[in-house]
Amino acid sequence: MDANDVAESYFNELVNRSMIQPVMADFSHEVSSCRIHDMMLDLIRSKSAEENFITVIDTPQAVTAMHKNIRRISIQHENAEHGVRLATINGPLSQVRSIAVFRCVCQASFMEFMYIRVLILKHLDTEELNLTGMCGLLYMKIVLVSRCKNLELPSQIAQLRQLKTINISGERFAPVQQKVPRGTKLFLTIRSS
């Protein structure tokens, strides 16, 4: 039995126990996407918080409950009136290494994240996304931006010598090739609306 067979048997066991639920299957009836049962999601979040693996901010109450060293943050506000100002998070933000922002109004001062390595921005509810502040983050390695309108990478992005990957997908963005540091993998996907 090879590693793929073992992984598939574990996956099938999780499906059989209803811990994960298949959502889509491909032409050969193999599951191509799935979702986690709500109870499993609560357990995963609880264990992740307990082990300080990731901190999920999805309510205003979660913002005020922060108090430990935070390494990874996932911000998931869907309500514009509860937009997150990262300055309101109670905790030492200088320890953050990865930040993912999904479906929200986020006003970030990137300089608070001095040692950030991964920045993920998806489905942001903003007309223009200003990324100028990230140019001072010398340890940045990966930038993933998708489905953000009117994105423009700042010309100073060439100063990020550690940057290895920029993955941008969206409706419109300014030309970026001349701004990207040497040795960086650039992935651009333009989606029509």
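The values are calculated or read from the model by the stated rules, or taken from the named source; none is laboratory data. Since this is a predicted model, take the numbers as computed values, not measurements. Here the Cβ positions follow ideal geometry from the backbone for every residue, glycine too, while neighbour counts run over all protein chains shown.
A few comments on the model shown:
- Count of the stretch 69-102 residues which are out of contact with any Lys or Arg (no Cβ under 6 Å at 6 or more places or on another chain), over 16 Å from E112 (Cα atoms) and modelled with pLDDT of 65 or more: 2
- Some residue of the stretch 7-27 being within 23 Å of H123 (Cβ to Cβ), among the polar types (S, T, N, Q) and modelled with pLDDT of 85 or more: yes
- Cβ pairs under 6 Å, 6+ apart, first in the stretch 154-167 and touching a residue at least 12 places away in the same chain (Cβ under 8 Å), second in a helix (DSSP H, G or I): P154/T132; P154/C135; S155/K179; Q156/C135; I157/C135; I157/K179; A158/K179; Q159/C135
- In the stretch 5-47, of all residues being under 22 Å from the mean Cα position of the chain (by Cα) and among the small types (G, A, S), the one that is surrounded by the most Cβ atoms within 10 Å (Cβ to Cβ) corresponds to S32.
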